[in-house]
Every structure is written in structure tokens, then in C-alpha cells.
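Data first, discussion second: the structure below is written as C-alpha cells.
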Amino acid sequence: MMNTPFLSAQGAAILVSRHGLSRCIRGLHDAIAHDFKRWEQFEKSARLATHSAEGVIEIMPISDGQTYGFKYVNGHPNNHRHELPTVMAFGVLASVQTGLPQFISELTLITALRTAATSVLAASHLAKPGARSMALIGNGAQSEFQAVAFHEALGIDRFYLYDTDLFATERLTHHLNELGFHVTRCKSVAQAVARADVITTATAAKTRAHVLTRDMLRPGVHINAIGGDCPGKTELHPDVLGNARVFVEYEPQTRIEGDIQQMPSDFPVIQLWEVLTGFALGRTHADQITVFDSVGFALEDFSALRYMHELAEEKGELEYLSLIPHMSNPKNLYGLISKAECA
Ligand code: NAD
């Protein structure tokens, strides 16, 4: 049998714990930035989504001509009732030349890290210089990673928290206090965002929500909107978008899934790669409201899989799966059965 390198959920957690969460997010940030800057080398498509009343299951493919990658990911906001996370994922890298899988990995934990890394990649170009405070609206699985990433990359040291679930905010407060961050628990979204330089919305509800409205926002705030990522699932009121400079990952996908699904099809947006390569300007004045309408794009997972593969190999955390049969005569697939019978 041929052995495919595999990083398990436990292996990934050990790797992140030993290498350090901040260091891993930094490494992912650099890998994602590198790949966004070679945007035109990738064969890209919007992800393939299968919707149900409870959630969505998606396949996210991408290729740079040498390596093909995909992620399987779901989004089921009521999964806590089944003691399951809202988002679960795994991914694969394969050789374009032969199709042979080269790496298979858990991506539930790593999606949270890569999302935080992508959020700070955008915010470091779009937030006002000197931003120090952040509102976190939605205090679920993604939230600690957002806080750690923004603290490390932008120097954010004050966090305003709000969630409709008090226990979620309690858990996040406890973890952020352990990290020595300054935390304020708020009674409403409006209170949480009132003094924030940066806002992350990471709510999960399969509904056309307007968690943020225009009247709540200070001039110059940067909004990192990660929870509106599916048709019929939004977080921002259209007036927020209409009064902001809006940035997206891959425009064809975000028009379907992002908060801009509420806007006309010619509503102007700028793709993140254009800012990173100098084709487009990011923030153009201090009082401007900027929005990163993030839905999560396949390129980020491709970069994350490559980074985690290298790190796991270097740190000896790879396991091996017998996924693809080895045949001395590749045309004799049938022979595998008789060989198994003799074994
Ligand atoms: P989660 O279910 O663990 O947490 C979501 C939290 O939002 C819950 O605690 C819930 O109580 C809270 N919430 C729901 N409605 C709210 C409201 N109106 N106001 C305040 N809080 C509210 O989910 P998660 O894994 O943290 O993911 C959060 C969101 O981010 C999901 O929508 C998910 O699909 C999305 N996501 C996006 C990306 C991306 O790349 N853009 C990546 C991962 C997850």
C-alpha cells in the first residue's frame, strides 16, 4: 500500500500547542500573503455548496498548476445541540501531474487559525494606523483566534465582547483574561462597538441578520465581517456596506455568499489581492469605514495545507494513511482482492 501523509485533529492540536499559536498564525499569514500575491497563477472557482434547512456542506477546490487542493467544510449553526462544532473541516493536497494525494489533514482547528490570519492580513492594510481596540461580536469557536491574531499583528490590547449567549462570552472572557488581555463584557452590540477601532463579526445564524447598523459605527472603523458567508446568512445592514469601502477575497464567490449578496450586482468592491500587490488602494482616508466582507476562499486553505504539511513534517507529527493501493501492475486492480484473500 502507498502511504499518504496525514495530520490528525490531535496531531494538529499538539503541533499548534508546541510551535505556539501566535507563531502558527504568523506562519499562516505569511503563506497566505505569499499566495494572494501570485493570484493569477491559480485556477479559481467559487466553492460548490449543498444547502439544507440546517446548514451547508461545501467543497472548495483550487490549483496552481503543480498542486491541487480542496477543503471539505460545513456550517451548521445549531450543531451545539448535537455537541458538534458549527464548522468542521478537512483538506487534501494532490499532485496535478499524477493526481496522487500528497497530504490529508484535519482543518477544523486550522480553519480558525487561517481565518484569523486572513483577517489580520486584510486589517493590517485596511484598519486605521494606531488601532488599539476591538469589538468581538459572536464569541464562539473562532473568537479566541481572532483576538490572539489581532493582538499579535496590530497590537490590539482592549477587547469589547458581545454574544447573545452569555456562556460563550464568559468562556471567551476567561481565556482572554488568562492571556492578560483587557476585556469588557458588553450588554449590546451598540455598546461593544461604540469605542472600537476594529470590529469582528463572527456570528452564526442562518438568517438575514443585520447585527451591525450604520448608526452604531464610529468614523474610521474597520469591520472584519466573517460570519455572513452563505446565501441568506448576513450580518451587516446594507447601509453599512453602502457607506463603506468594501474588500472581498474572490469576487464571484462573495457576490453569492458575502454580505454584499444584499447589494446590486454592480456594487463596487476591491479584491484583497489587488491591495496586496499595489493594483488598488486600501483605506483612502482616516474617517473612511472599511469592510472586509470575508467568506473564506480556497486559496487560504491551500496555503494553510502547505504550511501545516511542512511544519508537521519538520516536527515529526505526520502519520501515514493507507489510502491508495500499491500495485506492481497498475492495470491489475482486480488482483488486489485475490492478494487480500491470501493475506
Ligand atoms: P460558533 O457557533 O461557535 O459561534 C457563533 C456565535 O455567534 C455563538 O456563540 C452565537 O451565540 C453567536 N451569535 C449568533 N447570533 C448572534 C447575534 N445576533 N449577536 C451576537 N452573537 C450572536 O461559530 P464559529 O465557528 O465561531 O463561526 C462563526 C461564524 O464565522 C460562522 O457563521 C461561520 O460560518 C463563520 N466562519 C467564517 C469563516 C471565513 O473564512 N469567513 C471561517 C470560519 C467560520
So, counting K/R as plus one and D/E as minus one, what does the shell of residues with Cβ under 10 Å around residue 58 add up to?
0
Which whole-angstrom value gives the distance between the alpha carbon centres of the range 146-207 and the range 1-58?
24
Could you give the spread of the C-alpha atoms of the range 219-343 along their three principal axes, from largest to smallest, in whole angstroms?
73, 34, 25
Taking the C-alpha atoms of the range 105-187, convex hull volume expressed per residue in Å³:
94
Can you tally the net charge around residue 162? Count Lys and Arg as +1, Asp and Glu as -1, for every other residue whose Cβ sits under 9 Å from the Cβ of residue 162.
+1
So, over other residues within a Cβ distance under 12 Å of residue 152, counting Lys, Arg +1 and Asp, Glu -1, the net charge is +1
Where does the Debye-calculated log10 I(q)/I(0) of the range 1-137 sit at q = 0.15, 0.18 Å⁻¹, using only Cα point scatterers of equal weight, no solvent?
-0.96, -1.31
Spherically averaged projected area in nm², based on the convex hull that wraps the Cα atoms of the range 296-343
6.0
As a check on your grasp of the helix formula, calculate [θ] at 222 nm for the chain: sum -39500 (n - 2.57) over DSSP H runs of n ≥ 4, divide by the residue count, round to the nearest 500.
-10500 deg cm²/dmol
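Over 23 Å between C-alpha atoms is what I'm after, so list which of 71/206; 71/331; 71/233; 37/315 land there.
Values: 71/206 21 Å; 71/331 30 Å; 71/233 21 Å; 37/315 28 Å.
With Cα atoms farther than 23 Å apart: 71/331; 37/315.
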Residue 214 and residue 167 label points (each 7 Å along its Cα→Cβ direction) are spaced in nm at 3.9
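Kirkwood hydrodynamic radius, the range 148-258, all distinct C-alpha pairs: what's the number in Å? If you can, show how the numbers build up before the last one.
On the way: mean 1/r = 0.0667 Å⁻¹.
This gives a value of 15.0 Å.
What does the extension gain come out to for residue 287 and residue 331, with contour length at 0.36 nm per residue minus their alpha carbon separation? Before the final figure, lay out the partial values.
On the way: separation 44, 0.36 × 44 = 15.84 nm, distance 6.59 nm.
Taking residue 287 through residue 331 to full extension adds about 9.2 nm, to one decimal.
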Quick check on the chain: what does the Kirkwood estimate of hydrodynamic radius come out to from the alpha carbon pairs, in Å?
20.9
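Readers should treat all values here as calculations from the given coordinates under stated rules, not as data from a laboratory. The shown structure was predicted, so the numbers you read here are calculated from the model rather than taken from an experiment. Don't worry about glycine lacking a Cβ; one is built from the backbone with ideal geometry, like all the others, and counts go over all protein chains shown.
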